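Engineer: So that we are looking at the same thing, I have put the structure below in structure tokens.
No value in this document is a laboratory result; all are computed from the given coordinates. It should be emphasised that the depicted structure is a prediction, and the values quoted were computed from it without experimental measurement. As a convention, Cβ positions derive from the backbone with ideal geometry for all residues, glycine included, and neighbour counts pool all protein chains shown.
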Amino acid sequence: MKEQYNKENEDKITNECDPEIDDCCCGEEEPQMVNVVFEDDTELPCEIIGTYEVEDREYMILLPENKDEVFIYRYEPDNGEGRELVLIEDDEEYKKAADAYYKLVEDEE
């Protein structure tokens, strides 16, 4: 699912499949999973909850297995043909991404 957030018009949110994600999970029962690899090379399997945009940047929401909290990563093209998850290190950027996510969750309720 791709959720687009436009700060200038917060009411304009759409849900649609994301063609950038291989094997899009729209309509399927099996969740799409990705392994997050940390600096110490440990891996954590996470379910992809969705992607959305804030100020022309894409973000991905991940739900780690056996956890009650979500992870928010920037989702951008890598050097090849794919895309990669990038840790958001800037506090202001993270706040904007998190606020947009919470707004999307509120709108779904």
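Engineer: Which of the three applies to region 30-102, rounded, prolate or oblate, going by the alpha-carbon gyration tensor with a ≥ b ≥ c and a/c under 1.5 meaning rounded?
Structural biologist: It comes out rounded by the Cα gyration axes.
Engineer: Now for a separate question. Packing-wise, with mean Cβ within 10 Å as the measure, how do 66-78, 91-103, 47-59, 30-42 rank, highest first? Can you show the working numbers first?
Structural biologist: Values: 66-78: 13.6, 91-103: 15.2, 47-59: 17.8, 30-42: 10.5.
Per-residue mean Cβ counts within 10 Å order the peptides as 47-59, 91-103, 66-78, 30-42.
Engineer: Calculate, in nm to one decimal, what Glu69 and Val86 gain on full extension: separation in residues at 0.36 nm each, minus their alpha carbon distance.
Structural biologist: Result: 4.3 nm gained on full extension.
Engineer: Something else now. Residue separation times 0.36 nm, minus the C-alpha to C-alpha distance between Glu55 and Asn79: what's the value? Intermediate results must be reported in sequence, preceding the final value.
Structural biologist: On the way: separation 24, 0.36 × 24 = 8.64 nm, distance 2.20 nm.
My answer for the length gained is 6.4 nm.
Engineer: Sort Leu44, Leu62, Leu87, Leu104 so that the residue with the fewest other Cβ atoms within 10 Å of its own Cβ comes first and the one with the most comes last. Before the final figure, lay out the partial values.
Structural biologist: On the way: Leu44 15, Leu62 21, Leu87 12, Leu104 18.
With the sparsest Cβ surroundings first, the list reads Leu87, Leu44, Leu104, Leu62.
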